[in-house]
Every structure is written in C-alpha cells, then in structure tokens.
1. Just to be sure, is residue 84 buried (at least 20 other Cβ atoms within 10 Å of the Cβ) and under 15 Å from residue 22 (Cβ atoms)?
2. Only residues that are within 14 Å of residue 93 (Cα to Cα) and aromatic (Phe, Trp, Tyr): list them for region 35-70, please.
3. Select from region 52-79 the residues that are within 10 Å of the chain's Cα centre (by Cα) and part of a helix (DSSP H, G or I) and list them in ascending order.
4. What tally of residues in region 36-63 results from selecting those that are open to solvent by less than 40 Å² (accessible area, probe 1.4 Å) and of a type in the set (Asp, Glu)?
5. Contact list please: Cβ distance under 6 Å, first residue in region 110-132 and closer than 17 Å to residue 64 by Cα and polar (S, T, N, Q), second residue open to solvent by 70 Å² or more (accessible area, probe 1.4 Å) and modelled with pLDDT of 95 or more, pairs at least six apart or on different chains.
6. So residue 35 passes all but one of these: (1) touching a residue at least 24 places away in the same chain (Cβ under 8 Å); (2) within 12 Å of the ligand (Cβ to nearest atom); (3) among the polar types (S, T, N, Q); (4) out of contact with any Phe, Trp or Tyr (no Cβ under 9 Å at 6 or more places or on another chain). Which condition number does it fail?
7. Could we say that residue 27 is within 27 Å of residue 144 (Cα to Cα), at pLDDT 95 or above, charged (D, E, K, R) and out of contact with any Leu (no Cβ under 8 Å at 6 or more places or on another chain) here?
8. Give me the residue from region 94-111 that is near the ligand (Cβ under 8 Å from one of its atoms) and among the aromatic types (Phe, Trp, Tyr) and, out of that set, most open to solvent (accessible area, probe 1.4 Å).
Amino acid sequence: MTPHIQEIPAHEAPMALLLLADPSEDKIRAYLPGSRCFVASNGVEMVAACVVKPMGGGIHELMSIAVPPAHQKQGHGATLLQWVIAFFRNAGAHQLEVGTGSFGYQLAFYQRHGFRVSSIERDFFVNNYPAPIFEDGIQLLDMLRLTLPYSGKAR
Ligand SMILES: CC(C)(COP(=O)(O)OP(=O)(O)OC[C@H]1O[C@@H](n2cnc3c(N)ncnc32)[C@H](O)[C@@H]1OP(=O)(O)O)[C@@H](O)C(=O)NCCC(=O)NCCS
C-alpha cells in the first residue's frame, strides 16, 4: 500500500522516531522551530518522518529522516525522500543538502537519490555530540555533506 504523505506542524514532529536518525534530543529541539516536518502513514501508523530546514538562498537542509525499525527496508524511506525532493523542486528550491556519516547504508541511500558528496567536516560527530556514536561497531567521526542541486550545478 502506498503511504499517505503530509506536512504536519514542526512542534508535532514524532520525537521518538527522529531520535533514530539523530541521538541528540537537544539538537532536534533546537532545529525544529523554523523547520518543516513531513510524515508518511499507512493508514494505521506512521511509517516515515523527515524534517527539512530552510537555510536561505533557496537551500534546504534535510535534518533527519527516519523509519520505524519494523517498517525499514520496505521502501518507505525512499518513497518519503523522493516525495520531499519533488516537493522542494516544485516549490522552486535551488538545492537540498544533508549531512551524514562517512560510511554506512545511509550514504548509499542518499546517493541513490541523486545526492553527491560536496564536502567533509572532520570530527563533526566527536565535536558535536556528548557521547561517541557507533554504527556497525565503528565510531562515527566525520560528517559528509551531500548536495542535490535542482539547477544541475553544485554549490
Ligand atoms: C535510512 C532510512 C530512513 C531508510 O529508510 P528505509 O525505509 O529503511 O529504506 P528503503 O526501504 O527505502 O530502502 C533504501 C535502501 O536502504 C537499504 N537499507 C535500509 N535500511 C538498511 C539497513 N538497516 N541496513 C542496510 N541497508 C538498509 C535498503 O536495503 C535499500 O537498499 P536497496 O534499494 O538496495 O534494497 C531508515 O533505514 C532509517 O530510519 N534508519 C535509521 C535512521 C537513520 O539512520 N536515518 C538517516 C540519518 S543520516
């Protein structure tokens, strides 16, 4: 069944779900005001959520995207990401950005949808989080910034 996607007020964003994508509730609470939240539902429950923040100059940053573990690997994340990409294209945005770890399936997930690596912020996850973050037993150190330009030109 194709999920129903809609925008909800940012203050109603599903915190427990967003924490799957970003372990810092303080960080999420800091970026929610001024951001836009989009959720996908299968009619029974929420199957995906994402938060996008306008950065000015037609640039929008995907701050988080998450799917509940029981619903992962069923295409919901890809469906919501494609929907959001189309939504901001239709709104006249110039570029979408996202920051993600330097390894892992998330990196492939974004690149599959047209994002390309534009820069690296070394030690981002060390300097910006109170505790070390591990994925697949490897400590996350550096953040890659990925961009998806709508104009065809990367920033
Ligand atoms: C990243 C995320 C949003 C992707 O959503 P999803 O609905 O699970 O992904 P999809 O079903 O649309 O599949 C996208 C691809 O990612 C792969 N994938 C998804 N979860 C995976 C996992 N845990 N391990 C390995 N691959 C995974 C899928 O196999 C699929 O690849 P394929 O097309 O080659 O089969 C979701 O896995 C998630 O919430 N992860 C935890 C939070 C997170 O890391 N968010 C991103 C922060 S940068």
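1. Details: buried (at least 20 other Cβ atoms within 10 Å of the Cβ): yes; under 15 Å from residue 22 (Cβ atoms): no.
So residue 84 does not fit the description; no.
2. Answer for region 35-70, where residues must be within 14 Å of residue 93 (Cα to Cα) and aromatic (Phe, Trp, Tyr): there is none.
3. Listed by number, the list holds a single entry, 77.
4. Looking only at that region, the number is 1.
5. No pair meets every condition.
6. So residue 35 meets the others, but not (2).
7. Details: within 27 Å of residue 144 (Cα to Cα): yes; at pLDDT 95 or above: no; charged (D, E, K, R): yes; out of contact with any Leu (no Cβ under 8 Å at 6 or more places or on another chain): yes.
When the stated conditions are applied, residue 27 does not pass them.
8. So in region 94-111, the residues near the ligand (Cβ under 8 Å from one of its atoms) come out as 98-101, 104-106, 108-110.
Applying the additional criterion that residues be among the aromatic types (Phe, Trp, Tyr) yields 105, 109-110.
Working: 105: 152, 109: 41, 110: 19 Å².
Out of the qualifying residues, it is 105.
The values are calculated or read from the model by the stated rules, or taken from the named source; none is laboratory data. Because the structure is a prediction, the values reported are computed rather than measured. Quick reminder, even Gly has a Cβ in these numbers, built from the backbone with ideal geometry, and neighbours come from all protein chains shown. Just the protein is used for accessible areas: all its heavy atoms, side chains included, with ligands, DNA and RNA removed. Shrake-Rupley method; radii C 1.70, N 1.55, O 1.52, S 1.80 Å.
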